[in-house]
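What follows is one structure encoded as structure tokens, with my remarks underneath.
The values are calculated or read from the model by the stated rules, or taken from the named source; none is laboratory data. Since the model is a prediction, treat every value here as computed from it, not as a measurement. Backbone-built Cβ (ideal geometry, glycine too); neighbour counts: all protein chains shown. Accessible surface areas use protein heavy atoms only, side chains included; no ligands, DNA or RNA. Shrake-Rupley method; radii C 1.70, N 1.55, O 1.52, S 1.80 Å.
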Amino acid sequence: MGEAQKGLLSVIEKLKGSTEQEVRIVLLGLDNAGKTTLLRSLASEDVNTITPTQGFNIKSVASHGMKLNVWDIGGQRKIRPFWKKYLENTDLLIYVIDSADKKRFEETGLELSELVEEESLKGVPVLVFANKQDLATASPASEIAEGLNLHTYRDREWQIQACSAVSGEGVQDGMNWICNNITNKKK
Amino acid sequence: MAEEDSEWIIESIVGFLGSPEWLIPVMDFVENKCTVFDDEDENKLSYTDVHQQYKTLVEKLLENYMQEVGISEQQFLDACTSPFAKSKSLQSVFQPVLATDDFQMFRSLMAQKNMELQLQALRLIKERNGELPECLTDGVDVMTEMQQQEMKILQEVLQKSKEEYEEEMSRRLMSGEDVGSTSSVCSTHPTEGRAESNKSPDHTAKPPLSLQVNDSADTVEERVRSEPGSGREEVSSKSQESPKLSPVVSSSSMESRVLPAVTAPLKSSQPISSSISQAAAETCLEEARREAGFSKPFTELSVSQQEQLQQRAAYLRQQRDKLHALKKEQQRTKQNSSAGEAPPTLTAAPTKSPVNTVQEISAEERKKLQKRKHLADKLKEEVIRK
Ligand SMILES: Nc1nc2c(ncn2[C@@H]2O[C@H](COP(=O)(O)OP(=O)(O)OP(=O)(O)O)[C@@H](O)[C@H]2O)c(=O)[nH]1
Ligand SMILES: [Mg+2]
């Protein structure tokens, strides 16, 4: 009965013919962090013609017997106030950081700390991608984790994963962590 | 719960989904809101609000119905999970309901309706005029050769300035400037073809959504009136797909956090044809500016850019007036005044303007022409062959 109280629409997914488990993942981070590049690389698509995102992109990726619906929202300052609209019913947050953009570590840290305060992300696992590790000036993931105070997170799973969305390195490791954590959490 | 109960409930809901109580409000909603839904790969932020409104509408309609008939939410839940509800034949009936929970399904529903209405509008124009006005057929039969030639020229211009741009970039690189963030911006690969394959198979394979009712003539007329704006819907997200080589864009390497003021109010002092209000003139101008892909407010553009925009604005306005006239004519056949004067040709002459502005426009034009051609092809299929 509990489910019915959430409103009629919460049961509508039951009408679907398929029984495949669907997972909603939201991909956030500052502009130029590499979110869209990561999204494309997850979908095994060309990553060479990407322009800054003015709205949002969605791709569905099959992984570990689940259907991951990944939402990539533009990260420009002007778009960030809209992030909130996309957080509801999110199963997992991926936060992408340009590891070579030290000047903006503070800015990205602030945005993340605001996000994890959001009611709709309560208890939602967070995967931080320390992206652009292919660049010589990239900071190591451990340093970034410290700067973000990830170790102070309570009541939520988190992980930081070094990666390069361009080369694909580290991306699969991150996805494996995601799938393990989702399957653990959802029935 | 007994299996028959579920069946009865589902059947009753299916019946409701075929009734005017459901179809009319849902169709109304879809037709009124579909105009912003284009076939770009990227979604606009505004889609989300529309989707939210749709959810609210559907929820309200279903709740009202269930209350009326006396189905409890629990019964509904049970019925929804029954095997009967999941049978293939019912899935298509449920699609408009499922679209509340599935953004991509919703989006394709809206985009499809948008396309449909555009086709209807074209068909209507064709029926009225015997043939399509030039502004809607160029790039198809009349223009093909010219268009091809133009494409060639455009391609060359694009190529040339890409080289120039890259030269400039490597020069800057040498001098140690930070250009990292523009590295992908200068690419000219068309992304159009890939757009389709991007979507997950689950969503591309869907049959047409079954929201078909006879569209009232009103809607079509509405549509005809708004048709001249067809370029308008492509504006914002589209400009990203086109190669961006103009100084406006390439300078964004350091400024990329600041969005261009897309809707900056325009205070044009230029007198524009007296037949329309100043406000309308500004809208046209603004539209032209966005359509042309200029990301600066009008007043900051160069004189030649301003001139181009004035031209485009005039063109858009003309198109709109014409379609507006067509609508009037339809309502009262006596008033058939200015329906058919020829519009200026669509494409800007690429060789006369400064190279950088040409690229922005020509890339836009190229896409628009492609889109038009696509649309016209469909039209041919649907109208001419039938
Ligand atoms: N060297 C390197 N560059 C990358 C990597 N990932 C992304 N980039 C580049 O970073 C730039 C920005 O990438 P996007 O994917 O557009 O960034 P975004 O986070 O989607 O940006 P917004 O859409 O503005 O929010 C592009 O030029 C990418 O090619 C990476 O792993 N290594
Ligand atoms: Mg992006």
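See the values below:
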read-out	value
Cα gyration tensor shape for the range A:122-166, rounded if a/c is under 1.5, else prolate or oblate	oblate
Carbon plus sulfur fraction of accessible area for the range B:3-130, probe 1.4 Å, in percent	51
Dimensionless Rg ratio for chain A, taking C-alpha atoms and the 2.2 N^0.38 Å reference	1.02
Test item: B:74-82 mean partner chain Cβ contacts at 10 Å	4
Percent carbon-and-sulfur accessible area, the range A:22-186, ignoring ligands, DNA and RNA, probe 1.4 Å	47
Pairwise FRET efficiency - residue A:146 versus residue A:46, Cβ, R0 = 41 Å, nearest 0.05	0.75
Accessible area (Å², per residue) of the range B:3-130, counting only protein heavy atoms and a probe of 1.4 Å	41
Shape category assigned to the range A:140-182 from the gyration tensor of Cα positions, a/c cut at 1.5	oblate
Over 30 Å (Cα to Cα) - which of B:33/B:126; B:44/B:86; A:78/B:60; A:78/B:55 fall in this group	B:44/B:86; A:78/B:60
Accessible surface of residue B:107 - all protein chains present, 1.4 Å probe, nearest 10 Å²	20
Chain pair B, A: total accessible area buried, heavy atoms, 1.4 Å probe, Å²	4100
Protein-protein interface of the range B:41-58, residues with accessible area decrease of at least 10 Å², isolated chain reference, 1.4 Å probe	B:41, B:42, B:43, B:45, B:48, B:49, B:55
Chain A, helix-only ellipticity at 222 nm - DSSP H runs n ≥ 4, -39,500 (n - 2.57), divided by all residues, nearest 500	-7000 deg cm²/dmol
Nearest-10 value in Å² for the accessible area of residue B:38, using the 1.4 Å probe	10
Distance from the range B:50-106 to the range A:38-68 (C-alpha centre basis), Å	29
Inter-label distance for residue B:64 and residue A:173, nm, one decimal - labels placed 7 Å from Cα along Cα-to-Cβ	5.6
Accessible area per residue, Å², the range A:22-186 with all protein chains present, probe 1.4 Å	43
Residue B:51 accessible area, assembled protein chains, probe 1.4 Å, Å²	20
